[in-house]
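The values are calculated or read from the model by the stated rules, or taken from the named source; none is laboratory data. Owing to the predicted nature of the structure, the values given are computational and were not obtained by experimental measurement. Neighbour counts run over all protein chains shown; Cβ positions are idealised from the backbone, glycine included. SASA here: full protein model, heavy atoms, side chains in, ligands and nucleic acids out. Shrake-Rupley method; radii C 1.70, N 1.55, O 1.52, S 1.80 Å.
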Amino acid sequence: MKVTTPSKAPKSPWDYDFFIYNGVVDKTAPDFLAFKEHFSLSWGSIFSLLEHIEKFLRDYAIPEVKIKGNSLVALLPEFELKNKLTRYDLLSVLENPVHIQMMLNLPGQRYKGRDGKTEAAMKIQATWKCYKARRFFLVYRRQKWASGVIAVAWLLHCHKTRLRKLLKESRERHLENFRVRAKHLAANWNRIRTSRRTIIHIPSLGYSQPVRQNIDDFNTRQNMQLGRLCDILDANVSVIYICSHRMNDELLLYYNKILSLQAAVKSGKLEYRSDLQDRFKIITPEAINIFTEPALVKISEELAGVLAQHAQPVNEKRFPTWRKFLQTFLSQGGVIEAYPPSESVTNLTVDMLIEPNGEIRMLSTGDQFHAEGPFISSGTTMPQTSLDPQVLSSLCLQIGNACKMKNVIGYFSTNLVTFIDPRTMEQQVWATGLNLSYSDQLALTQLTLYLTNGHLDCSLSTLEVPRFFPKKDKKMSHLNTAAMPDRQGTIFILYEHLKRDKLGMLTIGEDLQGVLMTFARNLFIIHQEISAPNMQGETNFKTAIDDIEAILGVTEENKLRFEENLESKDDKKPL
């Protein structure tokens, strides 16, 4: 049997390839001798390059490689320039570089060659030193970061301390400046209040930011203090009213006409109306809608359950569930008050003023009536008639002195309730609220006094309006004569011109019963005007009328009792 071996491609005589075994060139091999002979002119450089290759192969224990002579010679210029050999350079002169590359990449291959143990020991030492240095560096970096944090925190602390000190000093300066100006105001108040002056009124209900943000139509509610414009009743006073929303020309003209009636009221002649536009100014700030702030709401499921079992909401339209109530209560805060142990309870509002010189004055008193629940005042009858005026004055003076001791200056109102204690059958009075602000009742009281030229005596709970007796004048018609004397009637207070969903009404008359009947009749007429046959207007008029009718019933009952007491006293008189 004859075996035929495959024929190899004829080798070019110009390749001059040779082998290196175990990192040593066989200098007697024919291939190497032929290579050396052919490149004898540059053998010195070739010899140096071969020494680098041999050393590299011995270091990595490469048993056998085949060197391509031409590639080796082609590498000479770069080697002479750098005088060093890279792994890529070595692989470029080998015939089978992929296989050699795989051997070089084997783990620990370097330590199988020449001085392998020494290299391994050096590597271990270097790795250990690198580990120690790295660990030291990490500790150092962490400490440096911590020191940076501490330094920044200390700088911030110093800055905050310095800033707090500056703010405290600034606050003290402002307080001291305020005290000086307050003393000056108190010392000169008697002169100031009789001199020419301008009052700048900024409507405010005195509520905190979270409460303000959760009140519907808050700007309209604040604008209910428009009665402050009536301070121009004093000839020495001009008023600048800061309105919480813009008022159109129609509303401005309306209030200009109302304020022009004062001279006509005094004289009794309508043609004596005077233009007072130069005495008051209504201004709306340009940035009124810029400042906003979100509020936080928390809910307590447990408390909602307790309330649902033991209590009943007064206004189920506003708070249909206790969870809704708690959302508002826990986000805005609230006060838990005792409720009088009586079915008949009357609420009072008393407006007071502590002047800069310390004088305490009662400015207005009124009995509340309610349209949306027993705790929501929808209006008042002024002056109050549910409590002895002397008792009320004494009680309010005590409250005023307590506020004065707390350095309160300015307007405030007190809410009270009065009822008959079922156990003792005596009248009781509780103070339930204190509001450090200019109230709606006081604004309407000022408007009443402005339009009637009247005088309110809170110590006697009387409103005295001078009667007008016109001189005999042939030119005056009977209609004017009948209309002018008593200064009675109704005036409406318009708060804004966009929604037009809130309306103020002021009714002036001679007695409580007549005023309440007129007020209720006005509400009924307005309700009919805004309603259609198939759709009733949504108002609080019906509940207000019901409350007024209840008051009228009590008033009539008290009137009958009073007359019976007078008759019994007359019967007891000796003949």
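Tell me, which residue of the range 367-396 that is free of Cβ contacts under 8 Å to residues at least 24 places away in the same chain and surrounded by fewer than 18 Cβ atoms within 10 Å (Cβ to Cβ) is farthest from residue 353 (Cα to Cα)?
Residue satisfying both the conditions and the ranking: 388.
Give the residue, chosen from 135, 110, 141, that is part of a helix (DSSP H, G or I) and open to solvent by less than 60 Å² (accessible area, probe 1.4 Å). Working first, answer last.
Numbers: 135 fails: open to solvent by less than 60 Å² (accessible area, probe 1.4 Å); 141 fails: open to solvent by less than 60 Å² (accessible area, probe 1.4 Å).
Result: 110 is the single residue among 135, 110, 141 that is part of a helix (DSSP H, G or I) and open to solvent by less than 60 Å² (accessible area, probe 1.4 Å).
Would you pick out the residues in the range 5-37 that are modelled with pLDDT of 85 or more and open to solvent by 90 Å² or more (accessible area, probe 1.4 Å)?
Correct list: 21, 22, 27, 28, 30, 37.
Looking at 72, 76, 81 in this structure, which one is loosely packed, with under 10 Cβ neighbours inside 10 Å and either in a helix (DSSP H, G or I) or modelled with pLDDT of 90 or more (or both)? Step through it out loud before you land on a result.
Numbers: 72 fails: loosely packed, with under 10 Cβ neighbours inside 10 Å; 76 fails: loosely packed, with under 10 Cβ neighbours inside 10 Å.
The match here is 81.
Which residues, counting only those in the range 397-421, are without any contact (Cβ under 8 Å) to a residue 60 or more places away in the chain and either small (Gly, Ala, Ser) or open to solvent by less than 20 Å² (accessible area, probe 1.4 Å) (or both)?
400, 402, 403, 410
Every residue, every condition in (1) in contact (Cβ under 8 Å) with a residue 24 or more places away in the chain; (2) open to solvent by less than 40 Å² (accessible area, probe 1.4 Å); (3) among the acidic types (Asp, Glu), yes or no:
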position: 351; (1), (2), (3): yes, yes, yes
position: 360; (1), (2), (3): yes, yes, no
position: 365; (1), (2), (3): yes, yes, no
position: 433; (1), (2), (3): no, yes, no
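Run residue 424 past the list (1) open to solvent by 30 Å² or more (accessible area, probe 1.4 Å); (2) modelled with pLDDT of 90 or more and report the number of the one that doesn't hold.
Only one criterion is unmet by residue 424, namely (2).
Yes or no: the range 58-66 includes at least one residue that is over 19 Å from residue 102 (Cα atoms) and at pLDDT 85 or above.
Quick first cut of the range 58-66, residues over 19 Å from residue 102 (Cα atoms) only: none.
No: the range 58-66 contains no residue that is over 19 Å from residue 102 (Cα atoms) and at pLDDT 85 or above.
Of the residues 98, 152, which is surrounded by fewer than 10 Cβ atoms within 10 Å (Cβ to Cβ) and free of Cβ contacts under 8 Å to residues at least 60 places away in the same chain? Write out each step before concluding.
Details: 152 fails: surrounded by fewer than 10 Cβ atoms within 10 Å (Cβ to Cβ).
Result: 98 is the single residue among 98, 152 that is surrounded by fewer than 10 Cβ atoms within 10 Å (Cβ to Cβ) and free of Cβ contacts under 8 Å to residues at least 60 places away in the same chain.
Given (1) more than 28 Å from residue 378 (Cβ to Cβ); (2) polar (S, T, N, Q); (3) at pLDDT 85 or above, identify the lone condition not met by residue 480.
Among (1) more than 28 Å from residue 378 (Cβ to Cβ); (2) polar (S, T, N, Q); (3) at pLDDT 85 or above, residue 480 violates only (3).
Pairs needed: first member in the range 487-498, open to solvent by less than 40 Å² (accessible area, probe 1.4 Å); second member anywhere, among the basic types (Lys, Arg); C-beta distance under 7 Å; at least 6 residues apart or different chains.
That search, which allows pairs on different chains as well, returns 495/502.
I'd like the full set of residues that are in contact (Cβ under 8 Å) with a residue 40 or more places away in the chain and surrounded by 14 or more Cβ atoms within 10 Å (Cβ to Cβ), limited to the range 222-237.
Residues satisfying the conditions are 223, 224, 225, 226, 227, 228, 229, 230, 231, 232, 233, 237.
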